[in-house]
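Reviewing the structure listed below.
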Amino acid sequence: MENSKYDIVDLAQKVVKHAEKLKIDYADIRIEASSTASVLRENKKFEDISFGNSFGIGARVIHKGKLGFYSTTNPDPFFAVEQALNLSKISPSKEKIKLKDTKIIKDKFKEFGKDPIANHPIEDNAEFIKEVEKNANISPKLKSIRISHANLFTNYIFASTEGSEILRDGGRTMLYVFMTAKDKGKLEQILFRLGAKDYTVYKNYEEPLKKRAKLAIDLLDAKKPPAGRFNALLDYECTGLFAHEALGHAVEADLILKNQSILKGKIGQKIASDVVNINDDSTIPDDNWSSFKYDNEGVPGKSTTIIKNGVLKSYLHSRETAAKMNAEPTGNARAQNYAYLPIVRMSNTYFDSGDYSFNEMLEQLKNGYYLVGFRGGQVGTLKGTFAFASDYCYRIENGKIREFLKGCTFSGKILDMLKNVLAVEKAKRKFTIGFCGKNNQKVPVSDGSVHMLVKDLHLGGEE
Amino acid sequence: MNLKDAFSVKGYDQLDLLYQESNMRSATAENNRLRNFEKNLTKGVGIRAIVNGKIGFAYTTDFQKLQETVKQAIKLAKFSNLSVTLKSYKKYAKPKGIFDKKVTELGDERLIDALQSAVSFVKKNNTILTEATIALSEVYAKYLNSEGLDLEAKGTGFSDSISINYKNIEAGWTGGSRNFENRILKTTQNAVDLAKNMSKKGKIKTGKYNVIFHPFALQQMLSYGLYPSFDADFVQKGTSKLAGKIGEQIFDEKLTINDNGILDAGLSSAPFDGEGVPSQNTPLVEKGVLRGFLYDLIRAQNEKRESTGNAVRNFSTLPEIGVTNFQIFPGKIKDITSEVDKGLLLYQPLNPHSTNPVTGDFSLGVMEALWIENGEIKFAPKHIMISGNIFELLKNITFIGRDVIQTGSLVSPSIVAQTQVIGD
């Protein structure tokens, strides 16, 4: 992949100088020169092999306490910041917007990893996808194997009138395999996904992929679980999603300030059972998908303890929410790309491991369901209700794993569910990658954990 | 920049180009206060090169790289396994009401005034406006191909979305149109009314009830669970439940559906699709009988038939089959709520993207819903879920309303059907 002909450092410095000349109180700009290489193959045919490059500038101005934001593909260095200034002047805000002070950062780094994305041209990716297809194709019952692979390469700069200048060169690679099984008129679809900042993620993918392919076939003959309230064991994917949906969104400080969260005013209060410890950590080194050194306001990423032994310790902040709530920025201001304003987002959200072994938890559960794998979730942060779906589950009887069943949605209330966590497994955390959507912006996130035992879970299966 | 320079590059058999320019502006309010104003201007071009019948694709936002991008597309064509023959057409329908000059000329201060009026209205009603966005867009597209097509189209959009907190009950409402309308107070009123209705709480028992699926709920559930089944790509690959069923009674005879790409004032109407094919009005279901599927050029040529003009794309993507305006025809019942003895009025399911795109199975939480008894709104049921299957649901419709609204790609009234509701 080739780099853009624009010198983004030179461009950023020009914009900042121009903002200073215009006597703007505060301005920051983000410039991105990106290229994408994507491959789509379905049923032994390449349906899409494409290449693209894009360039964009996003300028955020806070002048006299008012915020204006302008983004464009136009590379004129002065245009964006002048437009943003004009927008701040007509901005309707009556309340003055302030940013909490933060360290001035000058940094320049590459995120290429051990096996850089740039070493893998699109021709090689095409070969790799063929190999993935071969590995997934374990049975004629798999009616369709759809493989989507994409590499995104971004040369990014953040610069502000406060003096910060952060230059990052790097990218992301991702692989999504949709497997559809069909037999006697029945259909099932299962997704396998991998993503990281470099290609080491594709080492040893074969066995996990084959397991997922087999799952699609096994689900064809599986029955649906029942509806009602049950105690349940959640696997690391469901637990991670629980940390993200049932808690994470409700501690985003912008939602607190907008009166959209049930956790408003609850810092220092016991909101969960003693065994609950939840963190958001953008610096986890072994998670190579959604960790970051700095957020999109130039604040260093960090580990934030959200819940410690059941007590709510902290919200997640941007510089703006930190200023309003007199807290410290937690480095959680993220934007999908240059065209969006950064807002408060999670990074890698997880339950800390606990004291129980898997077998102890099965025994304690005795009768109930064991839910595995996730198909996404959603939360209403004010109502405090969430719902998410598992890929499949097992019925548990007398502490033994019995029949294999289809997945189902489970739903609950944040405050009830956090108190209903009975036990957390002592094991190494595992993470699942994905994207999280909020205010029409998608950012990469990961959720992780270990097994967890919960009582009184509301399953939405069949009567 | 001259887009026609793309065609002077050598090495392709056929070539097409989609240029898009979009101008967006939006104002937002949060927590009863006006917050900020933002604008975005994006220009980009996507190139498809066909070499020996195979397709290569590349895009850029840098117009000095136009010819280089064409060369990239030509280079990539050799890997592709898909083939297509580009065509030219003479006649294009001209849907009315998709461009409103007023949207482009409206002063920024008018957006702010509108938002301010929503904030004042909400305060008077002792509620909190948690979040509101009002947005205007203007999009210009140009499509050129080596077969002589040189097309252009423009459109505008206006959307408002309001979220309300009333006694810690949150409810939202959205509006969308091609023209600028003075409707923000109506949108706000709807959100306030819904929040107030939801503040009364009650419990219901698990059972099968008549559920009134409001168009907001339908748009979410059908886009995941039904639209993909009409996609000829899924049909040809055998992953559509409707494959091989043309002419069969698949749904209740009360149900008639068209995909209407030329609907006047339709949010997804345009004279041509992403391949320069004329947009059209395609019958999908007539009185419950399956009449057709949606095609782009590739899938149409696989079956030696004509495209239905459903190649959906933007400049940075290859065309994919998608719905335009998915139009469900109104039924006979005027006031739906008053016709329901005992049932649920559903506005927003929770986690609708977990609806299975292949089987149509759903098992969803509920975000916004009201319980109806003897034709009257009673309360918001505490902690319920709904489950079922989209295809089964549409086979047994109790009745269809006349309250047609346009939300996203759906143009539909409310639909009432017996559905499993899991109570608390």
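Residues in the range A:43-52 that are in contact (Cβ under 8 Å) with a residue 24 or more places away in the chain and either surrounded by fewer than 24 Cβ atoms within 10 Å (Cβ to Cβ) or more than 7 Å from chain B (Cβ to nearest Cβ) (or both): A:ASN43, A:LYS44, A:PHE46, A:PHE51.
Could you say which residue among B:LYS142, B:LYS87, B:LYS102 is part of a loop (DSSP other than H, G, I, E, B) and either among the β-branched types (Val, Ile, Thr) or away from every other protein chain (no Cβ under 14 Å) (or both)? Working first, answer last.
Values: B:LYS142 fails: part of a loop (DSSP other than H, G, I, E, B); B:LYS102 fails: part of a loop (DSSP other than H, G, I, E, B).
Exactly one of B:LYS142, B:LYS87, B:LYS102 is part of a loop (DSSP other than H, G, I, E, B) and either among the β-branched types (Val, Ile, Thr) or away from every other protein chain (no Cβ under 14 Å) (or both), namely B:LYS87.
Every residue, every condition in (1) within 28 Å of B:LYS395 (Cα to Cα); (2) in a loop (DSSP other than H, G, I, E, B); (3) within 14 Å of chain A (Cβ to nearest Cβ); (4) more than 18 Å from the chain's Cα centre (by Cα), yes or no:
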residue	(1), (2), (3), (4)
B:SER229	yes, no, yes, no
B:GLN236	yes, no, yes, yes
B:ALA243	yes, yes, yes, yes
B:PHE251	yes, yes, no, yes
B:ASN258	yes, no, no, no
B:GLU275	no, yes, no, yes
B:VAL285	yes, no, no, yes
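Test A:TYR205 against the stated conditions and say whether it is more than 14 Å from chain B (Cβ to nearest Cβ), of a type in the set (Ser, Thr, Tyr) and in contact with a His (Cβ under 9 Å, 6 or more places away or on another chain). So A:TYR205 does not fit the description; no. Evaluating B:TYR59 against the criteria (1) away from chain A (no Cβ under 11 Å); (2) in contact with a helix residue (DSSP H, G or I) (Cβ under 8 Å, 6 or more places away or on another chain) leaves one unmet condition, (1). Which members of the range A:61-79 meet the condition of being more than 9 Å from every other protein chain (Cβ to nearest Cβ) and touching a residue at least 24 places away in the same chain (Cβ under 8 Å)? Correct list: A:VAL61, A:ILE62, A:HIS63, A:LYS64, A:GLY65, A:PRO77, A:PHE78. In the condition set (1) basic (Lys, Arg); (2) assigned to a loop (DSSP other than H, G, I, E, B); (3) within 11 Å of chain A (Cβ to nearest Cβ), B:LYS94 is compliant with all but (3). The one condition from (1) under 21 Å from B:SER26 (Cβ atoms); (2) assigned to a strand (DSSP E or B); (3) more than 8 Å from every other protein chain (Cβ to nearest Cβ); (4) hydrophobic (A, V, I, L, M, F, W, C) that A:ALA37 does not meet is (1).
So which of B:GLY322, B:GLY365, B:GLY360 is buried (at least 21 other Cβ atoms within 10 Å of the Cβ), over 15 Å from B:GLN220 (Cβ atoms) and of a type outside the set (Lys, Arg)?
On the way: B:GLY365 fails: over 15 Å from B:GLN220 (Cβ atoms); B:GLY360 fails: over 15 Å from B:GLN220 (Cβ atoms).
It is B:GLY322.
Among the residues of the range B:175-206, just one is buried (at least 20 other Cβ atoms within 10 Å of the Cβ), out of contact with any Asp or Glu (no Cβ under 9 Å at 6 or more places or on another chain) and closer than 30 Å to B:GLY155 by Cβ, namely B:ALA191. The listed residues are B:GLU181, B:GLU147, and the only one of them that is touching a strand residue (DSSP E or B) at 6+ places or on another chain (Cβ under 8 Å), modelled with pLDDT under 95 and among the charged types (D, E, K, R) turns out to be B:GLU181. Going by the conditions given, is A:TYR236 farther than 30 Å from A:LYS186 by Cα, under 16 Å from the mean Cα position of the chain (by Cα) and away from chain B (no Cβ under 14 Å)? No; evaluated as a whole, the condition is false for this residue.
Go over the candidates B:PHE37, B:PHE79 one by one and state the one that is part of a strand (DSSP E or B), hydrophobic (A, V, I, L, M, F, W, C) and within 12 Å of another protein chain (Cβ to nearest Cβ).
Values: B:PHE79 fails: part of a strand (DSSP E or B).
When all the criteria are applied, what remains is B:PHE37.
Under the condition of being within 19 Å of B:LEU129 (Cβ to Cβ), part of a loop (DSSP other than H, G, I, E, B) and out of contact with any Gly (no Cβ under 8 Å at 6 or more places or on another chain), the residues counted in the range B:167-225 number 4.
Only residues that are aromatic (Phe, Trp, Tyr) and closer than 25 Å to A:LYS426 by Cα were counted across the range A:198-243, and they come to 3. Please note which strands (runs of 3 or more DSSP E) are completely contained in the range A:306-425 and include at least 3 residues that are in contact (Cβ under 8 Å) with a residue 40 or more places away in the chain and either within 14 Å of chain B (Cβ to nearest Cβ) or among the charged types (D, E, K, R) (or both). So the answer is A:368-380, A:385-397, A:400-406, A:409-413.
Does B:THR156 meet the test of being at pLDDT 95 or above, under 19 Å from B:GLU38 (Cα atoms), surrounded by 19 or more Cβ atoms within 10 Å (Cβ to Cβ) and within 14 Å of chain A (Cβ to nearest Cβ)? Against the criterion (at pLDDT 95 or above, under 19 Å from B:GLU38 (Cα atoms), surrounded by 19 or more Cβ atoms within 10 Å (Cβ to Cβ) and within 14 Å of chain A (Cβ to nearest Cβ)), B:THR156 does not qualify. Are any residues in the range B:329-378 away from chain A (no Cβ under 12 Å), more than 14 Å from B:THR419 (Cβ to Cβ) and in contact with a Pro (Cβ under 7 Å, 6 or more places away or on another chain), and if so, which ones? B:PRO330, B:GLY331, listed by residue number. For the range A:398-416, filtering for residues that are crowded, with 23+ Cβ neighbours inside 10 Å and of a type in the set (A, V, I, L, M, F, W, C) leaves 3.
Conditions tested, residue by residue: (1) polar (S, T, N, Q); (2) out of contact with any His (no Cβ under 9 Å at 6 or more places or on another chain).
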position	(1), (2)
B:ILE164	no, yes
B:ASN168	yes, yes
B:PHE180	no, yes
B:SER199	yes, yes
B:LYS203	no, no
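Residue check: B:ALA49 meets all listed conditions (1) more than 10 Å from chain A (Cβ to nearest Cβ); (2) in contact (Cβ under 8 Å) with a residue 60 or more places away in the chain but one, namely (2).
Confirm whether A:ASP107 is acidic (Asp, Glu), touching a residue at least 24 places away in the same chain (Cβ under 8 Å) and in a strand (DSSP E or B). Explain how you work it out, then say what you get.
On the way: acidic (Asp, Glu): yes; touching a residue at least 24 places away in the same chain (Cβ under 8 Å): yes; in a strand (DSSP E or B): yes.
Spelling it out, A:ASP107 is indeed acidic (Asp, Glu), touching a residue at least 24 places away in the same chain (Cβ under 8 Å) and in a strand (DSSP E or B).
Output the residues belonging to the range A:431-463 that are part of a strand (DSSP E or B), among the charged types (D, E, K, R) and at pLDDT below 90.
Looking only at the range A:431-463, we keep the residues that are part of a strand (DSSP E or B), and these are A:431-438, A:441-449, A:452-460, A:462.
Next, only the ones that are among the charged types (D, E, K, R) stay: A:438, A:442, A:447, A:455-456, A:462.
Selection gives A:GLU462 alone.
Test B:SER387 against the criterion of being modelled with pLDDT under 90 and either in a strand (DSSP E or B) or crowded, with 22+ Cβ neighbours inside 10 Å (or both), and give yes or no. The answer is no for B:SER387. In the range B:114-126, the qualifying residues are those that are within 10 Å of another protein chain (Cβ to nearest Cβ) and touching a strand residue (DSSP E or B) at 6+ places or on another chain (Cβ under 6 Å), and the one that is surrounded by the fewest Cβ atoms within 10 Å (Cβ to Cβ) is B:VAL119.
The values are calculated or read from the model by the stated rules, or taken from the named source; none is laboratory data. Everything numeric in this text was worked out from a predicted model, so none of it was measured. Cβ atoms come from the backbone with ideal geometry, glycine included; neighbour counts cover every protein chain shown.
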